[in-house]
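Below is one structure, written out as structure tokens; the observations come after it.
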Amino acid sequence: MEMPLVSKPTSLLLPLTFQKLKQPIPPPSTFTKTPQNPSPQHQNKHQKHPSFTPNNHLCLDQTQQLHAHITRTHFNHAQQVSFSPFESHPRYALNTYTYMRKLDIEVDSFIIPSVLKACSQISVARMGKEIHGFSVKNGLVSDVFVVNALMQMYSECGSLVSARLLFDKMSERDVVSWSTMIRAYITLFYGFSQRSIVSWTAMIAGYIRCNDLEEGERLFVRMIEENVFPNDITMLSLIISCGFVGAVQLGKRLHAYILRNGFGMSLALATALVDMYGKCGEIRSARAIFDSMKNKDVMTWTAMISAYAQANCIDYAFQLFVQMRDNGVRPNELTMVSLLSLCAVNGALDMGKWFHAYIDKQGVEVDVILKTALIDMYAKCGDISGAQRLFSEAIDRDICTWNVMMAGYGMHGYGEKALKLFTEMETLGVKPNDITFIGALHACSHAGLVVEGKGLFEKMIHDFGLVPKVEHYGCMVDLLGRAGLLDEAYKMIESMPVTPNIAIWGAMLAACKIHKNSNMGELAARELLALEPQNCGYKVLMSNIYAAANRWNDVAGMRKAVKDTGIKKEPGMSSIEVNGLVHDFKMGDTAHPLIEKISEMLAEMSKKLKEAGYLPDTSVVLHNIDEEEKETALNYHSEKLAMAFGLISTAPGTPIRVVKNLRICDDCHTVTKLLSKIYKRVIIVRDRNRFHHFREGSCSCGGYW
């Protein structure tokens with residue numbers, strides 16, 4: 001799983017539907033008391049304590065938040081005072097709270113939200129402020145559960161400014177935080193007797209950013225019907241919002257509205273259109289607007305470069321950067337972040353180093369985001385030492401910087417270093433977030449640190465109160481599956497509190513392929529195909545598992561099913577950067593201009609490999625053909641073509657770096673180890689899962705990938 005390069009700017013809205021947001025959110029402690037004289041079947045071992053049953057259904061996010069709170073605080077309901085019976089009598093709840101304070105009875109982060117709800121019900125803002133002060137003094141505002149309740153209290157008591165201040169100061173926000181704030185704004189909007197263009201714009205943009213495009217468009221039409229007409233700022237805001245969620249069709253309709261109604265195409269609006277089309281993958285539309293602009297500033301150039309970067313058009317992005325310089329426009333840190341991210345994706349280390357030197361030479365301001373992008377580029381291009389050096393030199397580090405370094409260690413197989421970095425974070429008081437744990441768990445998975453990974457998973461829940469997301473469960477399934485603990489991995493899937501997604505079952509299927517367990521692989525494949533019936537990749541992977549087990553009839557059946565879908569599987573591709581240019585190869589490629597010299601080098605490699613005692617592993621050629629044909633097919637795997645090109649195109653002793661879009665096969669892994677010894681080269685291969693550093697006949701993965 002890829003780590004995010006940098007954090008996106010915090011949005012004012014989350015992608016939730018407003019229909020859901022209009023529904024009242026039941027408070028965590030909404031329960032009703034059972035009859036005072038329960039029947040015998042209602043009596044149990046807890047009879048001496050009041051028994052309560054749910055009155056309203058909590059949403060999943062609230063339930064997970066409550067579960068995390070209970071787990072973190074080791075909550076014992078038998079030792080707590082419940083405020084639930086006072087929901088219809090909020091003053092009693094406040095009196096009880098006051099009485100507890102007088103008697104010096106502990107008031108914790110579980111009780112505070114219930115008391116704050118009582119303040120909301122009778123609009124006692126002064127009491128709510130007192131509770132806020134108490135929470136600050138006693139360190140309870142670090143609990144998102146408490147802060148959400150405070151925001152709810154302030155918004156319902158009419159102090160939206162105070163609620164927003166709390167929201168802005170939150171270091172971490174969950175879905176309840178966002179929905180509470182959004183619901184407050186909705187209430188405010190519909191309470192206006194006269195709505196200005198500013199309020200209309202904010203609400204329409206909010207609907208779009210919540211991905212409720214139909215409601216957003218409906219409100220746009222209603223605004224015009226009420227004779228409130230959009231201005232340049234309105235259209236700019238809506239176009240930006242469309243880009244934020246990838247709503248290209250709505251973006252096109254808004255673009256058409258701009259053209260039909262004679263809006264002046266300002267520099268800001270044109271740049272927003274370029275950015276919107278780029279984020280939606282409409283590169284030609286973005287470039288057409290870009291080329292039509294007479295005046296372009298640094299943000300316009302950056303938007304177009306970012307569009308190419310998002311589409312992974314590395315040549316076009318670099319060419320545009322050259323044009324930008326030639327036009328006398330000085331790139332800023334955002335421009336460089338886009339270019340560095342493109343280098344990271346393509347493993348273009350030489351070009352990445354050139355951009356790094358350019359940043360230093362031109363005095364581009366290196367803020368924490370750009371520094372993080374540089375660390376990420378070096379890590380993803382195979383130079384983990386360079387990444388580590390930059391990280392050590394960084395004075396200002398945010399959580400993204402730590403996460404990128406953690407992910408870098410993980411993808412290079414340095415699990416112990418990742419765990420050491422995690423310990424350093426704790427020592428310095430840097431609070432890890434959910435992405436930190438994803439990186440750390442991945443590092444454990446790639447290094448085979450099963451015990452340590454399990455410990456981290458427990459620490460995330462009990463020490464940091466984080467609710468495991470499906471991504472964390474995916475890491476755990478991957479960790480257990482790679483280690484061959486398939487039964488334990490399957491039990492974890494069965495016990496998950498959330499529905500397993502394609503990432504979960506995909507990790508399980510990949511583990512079954514590694515350990516050649518066709519029976520459990522069939523189970524995982526069935527689940528995947530139920531979730532994504534049009535994805536032929538799972539059928540191909542299952543056919544590979546059958547082939548490895550010599551179940552050729554099943555292979556034929558599965559491949560027929562793939563053929564019937566009419567969808568082609570993702571082809572294996574390998575790329576290598578030489579002298580600042582990235583060269584791509586696919587299996588059996590004959591299109592490269594130097595293919596004759598590459599073929600000669602392949603023949604030389606084959607001869608020297610046999611002299612070194614190499615025996616082709618034909619089991620990885622998953623076709624029912626004879627052994628000689630299988631050996632020929634092996635020779636032309638894309639990574640071998642890339643390595644052959646690297647050997648003829650670089651000086652002796654120069655490291656060779658290859659990026660492959662799929663997992664490197666067993667035979668190519670063996671061959672690369674031997675080639676590193678034969679040609680005395682360091683060969684670094686980045687496949688879909690991790691980095692492999694081949695040196696003197698061995699690999700950094702230790703055969704564990």
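The values are calculated or read from the model by the stated rules, or taken from the named source; none is laboratory data. Fair warning: this is a prediction, and the values are worked out from it, not measured in the lab. Here Cβ is always computed from backbone atoms with ideal geometry, including for glycine, and neighbour counts include all displayed protein chains. Keep in mind that these areas ignore ligands, DNA and RNA; they rest on the heavy atoms of the full protein, side chains included. Shrake-Rupley method; radii C 1.70, N 1.55, O 1.52, S 1.80 Å.
What the table shows:
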read-out	value
Given (1) within 29 Å of the chain's Cα centre (by Cα); (2) among the hydrophobic types (A, V, I, L, M, F, W, C); (3) outside any helix (DSSP H, G or I), number of the condition V107 does not satisfy	(1)
The listed residue being modelled with pLDDT of 95 or more, surrounded by fewer than 22 Cβ atoms within 10 Å (Cβ to Cβ) and in the same structural domain as Y358 (by the TED database), out of M324, M304	M324
Residue check for I435: open to solvent by 40 Å² or more (accessible area, probe 1.4 Å), part of a loop (DSSP other than H, G, I, E, B) and at pLDDT below 95	no
Subset tally (residues that are in contact with a Ser or Thr (Cβ under 9 Å, 6 or more places away or on another chain) and either open to solvent by 50 Å² or more (accessible area, probe 1.4 Å) or assigned by the TED database to the domain that holds A348 (or both)) for region 673-688	2
Residues of region 106-138 satisfying the condition of being open to solvent by 10 Å² or more (accessible area, probe 1.4 Å) and closer than 17 Å to F167 by Cα	P113, K129, H132, G133, V136
Scope region 190-201; condition surrounded by fewer than 18 Cβ atoms within 10 Å (Cβ to Cβ) and either aliphatic (A, V, I, L, M) or under 33 Å from the mean Cα position of the chain (by Cα) (or both); matching residues	I197, V198, S199
Matching residues, region 327-356, being surrounded by fewer than 19 Cβ atoms within 10 Å (Cβ to Cβ), part of a loop (DSSP other than H, G, I, E, B) and touching a helix residue (DSSP H, G or I) at 6+ places or on another chain (Cβ under 9 Å)	N327, V329, R330, N332
Where a residue in region 318-344 is more than 12 Å from T302 (Cα to Cα) and its partner, wherever it lies, is crowded, with 22+ Cβ neighbours inside 10 Å and basic (K, R), with Cβ under 6 Å and at least six apart	A344/K380
Qualifying residue in region 155-162 (condition: free of Cβ contacts under 8 Å to residues at least 12 places away in the same chain and open to solvent by less than 40 Å² (accessible area, probe 1.4 Å))	yes
Filter result for the condition that a residue is crowded, with 24+ Cβ neighbours inside 10 Å and within 21 Å of L581 (Cα to Cα), over G408, G382, G413	G382
When residues of region 206-226 are limited to those that are surrounded by fewer than 13 Cβ atoms within 10 Å (Cβ to Cβ) and over 16 Å from Y257 (Cα atoms), the one nearest to the chain's Cα centre (by Cα)	E214
Residue ID - modelled with the highest pLDDT, chosen from residues in region 446-473 that are crowded, with 19+ Cβ neighbours inside 10 Å and closer than 20 Å to V176 by Cβ	H472
Filter pass, D143 being among the acidic types (D, E), within 34 Å of the chain's Cα centre (by Cα) and open to solvent by 20 Å² or more (accessible area, probe 1.4 Å)	no
Residue in region 177-197 that is touching an Asp or Glu at 6+ places or on another chain (Cβ under 6 Å) and outside the structural domain of R126 (by the TED database) present	no
Among (1) open to solvent by 40 Å² or more (accessible area, probe 1.4 Å); (2) of a type in the set (D, E, K, R); (3) modelled with pLDDT of 75 or more - the single one K568 does not satisfy	(3)
Candidate set: region 407-451, residues that are of a type in the set (G, A, S) and within 18 Å of the chain's Cα centre (by Cα); chosen: the one nearest to E471 (Cα to Cα)	G439
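Every residue, every condition in (1) among the small types (G, A, S); (2) in the same structural domain as L479 (by the TED database); (3) in a strand (DSSP E or B); (4) closer than 28 Å to R482 by Cα, yes or no:
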residue: L641; (1), (2), (3), (4): no, no, no, no
residue: L647; (1), (2), (3), (4): no, no, no, no
residue: T654; (1), (2), (3), (4): no, no, no, no
residue: R657; (1), (2), (3), (4): no, no, yes, yes
residue: V671; (1), (2), (3), (4): no, no, no, yes
